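One structure below.
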Amino acid sequence: MTQQETKQFIQSAEWQSIAVELRPSANGTGGVKPFYCSRTFKFSPGDKFECSVINYADAGVKVPLIKIVIKGHNQWQGEHPVAKGAYSLDYTADEAYEITPLHQAFADAINQAPTTGLNKWEVGVTQDIKAKAFPAFGLAEGQIYVDYDLVYILNDLLFMGSKHVDGRAFDKPENRPTNLQIPLMKK
């Protein structure tokens with residue numbers, strides 16, 4: 001598929017995780033911990049996207065911890081070498097970066113970190129951290145988060161980049177993924 005065909009194809013549906021995903025996540029001390037999640041993506045004309053992630057404490061998805069909703073714009077960066085028809089795509093969270101704690105222990109944990117411009121975290125209450133300092137996610141005041149990723153379509157499945165085994169985020173162009181992860185399917 002060309003870049004334009006890929007863009008049109010991903011706008012044709014809402015995309016969701018096939019099953020719970022296990023992704024490596026840096027734990028802030030140089031180690032890696034499991035990150036269990038399910039994701040939903042929507043792409044719209046005007047290079048807009050909305051991504052919703054539910055993070056779970058367990059692989060059986062019995063204990064939801066947090067819901068993250070990121071809204072913003074895509075910037076297409078051309079072909080990606082992982083596969084013919086793959087494209088580098090940047091997700092800029094310039095509309096919203098919403099956090100909703102779903103478990104009291106998670107709310108208690110993020111309430112321990114110093115923040116400015118945010119209310120006390122409560123279960124079921126959403127706050128937008130866009131351009132706000134949020135140490136738990138490594139965000140600085142005024143920073144608009146960008147995820148440097150990739151997309152690839154095969155057999156009506158949407159593949160994105162696989163997280164690095166050391167848990168590094170896709171927060172810099174040099175951290176763009178080099179592998180594909182488990183695909184998303186049409187909802």
Checklist entry - Is there a residue in the stretch 110-124 that is touching a residue at least 24 places away in the same chain (Cβ under 8 Å), surrounded by fewer than 13 Cβ atoms within 10 Å (Cβ to Cβ) and in contact with a strand residue (DSSP E or B) (Cβ under 8 Å, 6 or more places away or on another chain)? => result yes
Item to check | For Ala107: the one exception among (1) part of a helix (DSSP H, G or I); (2) exposed (fewer than 15 other Cβ atoms within 10 Å of the Cβ) | outcome: (2)
Checklist outcome for this item: Only one of Ser38, Ser25, Ser88 is surrounded by 13 or more Cβ atoms within 10 Å (Cβ to Cβ), over 20 Å from Lys172 (Cα atoms) and of a type in the set (S, T, N, Q), namely Ser38
Checklist entry - Only one residue in Asn119, Asn155, Asn175 is of a type in the set (S, T, N, Q) and farther than 30 Å from Ser12 by Cβ, so which one is that? => result Asn119
Checklist entry - Is at least one residue of the stretch 53-64 in contact with a strand residue (DSSP E or B) (Cβ under 9 Å, 6 or more places away or on another chain), touching a residue at least 24 places away in the same chain (Cβ under 8 Å), among the aliphatic types (A, V, I, L, M) and buried (at least 18 other Cβ atoms within 10 Å of the Cβ)? => result yes
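So which residues in the stretch 6-23 are more than 15 Å from Gly46 (Cα to Cα) and among the polar types (S, T, N, Q)? Give the derivation first.
To start, the set of residues in the stretch 6-23 that are more than 15 Å from Gly46 (Cα to Cα) comprises 13-23.
Of everything in the stretch 6-23, those that are more than 15 Å from Gly46 (Cα to Cα) and among the polar types (S, T, N, Q) turn out to be Gln16, Ser17.
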Checklist outcome for this item: Scanning the stretch 1-40 for residues that are among the basic types (Lys, Arg) and closer than 15 Å to Gly161 by Cα gives Arg23, Arg39
Checklist entry - Is it the case that Phe106 is of a type outside the set (Gly, Ala, Ser), touching a Leu at 6+ places or on another chain (Cβ under 6 Å) and more than 30 Å from Gly46 (Cα to Cα)? => result yes
Checklist outcome for this item: Ala93: passes all of (1) small (Gly, Ala, Ser); (2) at pLDDT 95 or above; (3) surrounded by fewer than 19 Cβ atoms within 10 Å (Cβ to Cβ) but (3)
Checklist entry - Quick check: anything in the stretch 69-85 in contact with a strand residue (DSSP E or B) (Cβ under 9 Å, 6 or more places away or on another chain), surrounded by 13 or more Cβ atoms within 10 Å (Cβ to Cβ) and within 20 Å of Tyr56 (Cβ to Cβ)? => result yes
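The values are calculated or read from the model by the stated rules, or taken from the named source; none is laboratory data. Model, not experiment: these values are computed from the prediction. Every residue, glycine as well, gets a Cβ built from its backbone with ideal geometry; the counts of neighbours run over all protein chains shown.
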